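Undergrad: Handing you a structure now.
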Amino acid sequence: QVQLEEAGGGLVQAGGSLRLSCAASERTFSTYAVGWFRQAPGKEREFVACINWRGGNPSYANSVKGRFTISRDKNTVYLQMNSLKPEDTAVYYCNADVVMANLFSGQYDYWGQGTRVTVSS
């Protein structure tokens, strides 16, 4: 299990931007596809975006398409979030998998602490 650490959350007004980061110390992290997920209060965790191990083939949930951009640089994966909406308020998590398709289900036993994003209206 790759140990991941999320950072970059905060409080922002609607329409604002934040950039989240997902970092790992293991060198093997560069061989994993990585996904971002979020869990809003009272809701289940949901898929947000993912990217393959080469930094290509990004995929997004319809709710964030056109506003969020996922990218990676060696052992860090970023989620640039623009035009934020109050409904984006959630704790954001990342996870990694050698099989990118598995990320869409988000069925993992291990999750990190996440980083909280709050968007005020």
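The values are calculated or read from the model by the stated rules, or taken from the named source; none is laboratory data. This one's a predicted model, so the numbers in the text were calculated from it and none came from an experiment. Ideal geometry is used to build each Cβ from the backbone, glycine not excepted, and the neighbour counts take in all protein chains shown. What goes into the accessible areas is simple: the full protein's heavy atoms, side chains included, and nothing from ligands, DNA or RNA. Shrake-Rupley method; radii C 1.70, N 1.55, O 1.52, S 1.80 Å.
Undergrad: Out of the residues in region 10-61 that are open to solvent by 30 Å² or more (accessible area, probe 1.4 Å), in a loop (DSSP other than H, G, I, E, B) and in contact (Cβ under 8 Å) with a residue 60 or more places away in the chain, which is nearest to V99 (Cα to Cα)?
TA: Y32
Undergrad: OK, next. Does any residue of region 8-28 turn out to be at pLDDT 95 or above, of a type in the set (S, T, Y) and over 15 Å from V117 (Cα atoms)?
TA: No; the residues of region 8-28 include none that is at pLDDT 95 or above, of a type in the set (S, T, Y) and over 15 Å from V117 (Cα atoms).
Undergrad: To continue, here is another question. For region 62-73: of the residues being basic (K, R) and surrounded by 14 or more Cβ atoms within 10 Å (Cβ to Cβ), which is nearest to D97 (Cα to Cα)? Reasoning before the result, please.
TA: To start, the set of residues in region 62-73 that are basic (K, R) comprises 65, 67, 72.
Add one more test, that the residue is surrounded by 14 or more Cβ atoms within 10 Å (Cβ to Cβ), and what stays is 67, 72.
Numbers: R67: 24, R72: 15 Å.
Residue satisfying both the conditions and the ranking: R72.
Undergrad: Would you mind finding the one in A90, A96, A101 that is of a type in the set (A, V, I, L, M, F, W, C) and without any contact (Cβ under 8 Å) to a residue 40 or more places away in the chain?
TA: Details: A90 fails: without any contact (Cβ under 8 Å) to a residue 40 or more places away in the chain; A96 fails: without any contact (Cβ under 8 Å) to a residue 40 or more places away in the chain.
None of the others qualify; the one that does is A101.
Undergrad: Now, a different point. Search region 74-95 for residues being part of a strand (DSSP E or B) and of a type in the set (V, I, T), and hand back the single one that is surrounded by the most Cβ atoms within 10 Å (Cβ to Cβ).
TA: Pass one, region 74-95, residues part of a strand (DSSP E or B): 76-81, 90-95.
Then drop every residue that is not of a type in the set (V, I, T), which leaves 76-77, 91.
Numbers: T76: 16, V77: 28, V91: 19.
In this case the residue turns out to be V77.
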